[in-house]
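Here, each number is a calculation from the coordinates, and none is a lab measurement. Keep in mind that what you see is a predicted model, and the values were worked out from it rather than measured. Don't worry about glycine lacking a Cβ; one is built from the backbone with ideal geometry, like all the others, and counts go over all protein chains shown.
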Amino acid sequence: MNNQGMSKREMMRARHARAQMRNRIIVWGGLALVALGIGFLFFRPVQVTNVTPYVRTDVDFNAVGKADAPITITEYSDFQCPFCRRFWQDTEEQLMQAYVVTGTVRFVYSSLGSFIGPESGQAAEAAYCAGDQGKFWEYHDYLFANQLGENVGSYSTKKLNAFANRLNLDTDAFSSCLLGNKYGSRIADEAKAGVTAGVEATPTFIITYRVNGVLKTRRIEGAQGISAFRTEIEAALAEIAAAPPQ
């Protein structure tokens, strides 16, 4: 700008106006960058690890196996628990093939609620909401496959919905179930049952069976291999077989 013919006051006003304009540009530019950052965080695609769930037989919501199996194993678990994930990775399918498919064991997944943190309870609710559409176990597998740590956002609402999408669930029904806290009281009851049973860590497996009508209980704690389950199951079967008929 040509300053000739301008008074000192007019020059100062002009400089002030230019400074204000620069400040506005800086502020609006900064706001635009913040908006772009928020937009990226909000709209960026959720990273999901795909998993091919193995086939389970005689599925009944969160249980699998014959209803009249002589032995029931209830797993008290937490989807954020790394040892629960290890059991799922290393042992669960072997146990299913050796004892569930054969009709010896009925296996039940039971949540210990928000044992590790809020994401634990929310993940469990999401699995049960998937169970409404016959996909509890498939969703269960997706949760463990996408476990990244404890209370780090692995099971945010956005991610839970993404898992539902991958399983081709009715996402409106799923979201309604999850947001409506449909299974909140059930999960709380399961957690209370676990505490009553003396569960202090995840995973814990409560093995129940009857000998001449008397309920017997065995317990396995931690991410044990198939040999630990074989030992307890075979001992229970031997006890059942050795009982004199009434």
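Scoring 166-175, 102-111 by mean Cβ neighbours within 10 Å over their residues and listing the highest first yields 102-111, 166-175.
Taking a label point 7 Å from the Cα of residue 212 along the Cα→Cβ vector, which residues of segment 226-240 have an amide N closer than 16 Å to it? Output list for this probe position: 238-240. Length available on full extension from residue 193 to residue 176: 0.36 nm per residue minus the Cα-Cα distance, which gives 3.4 nm. One chain, two ends: residue 239 and residue 150. Fully extended at 0.36 nm per residue, the span grows by 28.0 nm beyond their Cα-Cα distance.
Extending 7 Å from Cα along the Cβ direction at residue 201 and again at residue 219 yields two label points whose distance is 1.2 nm.
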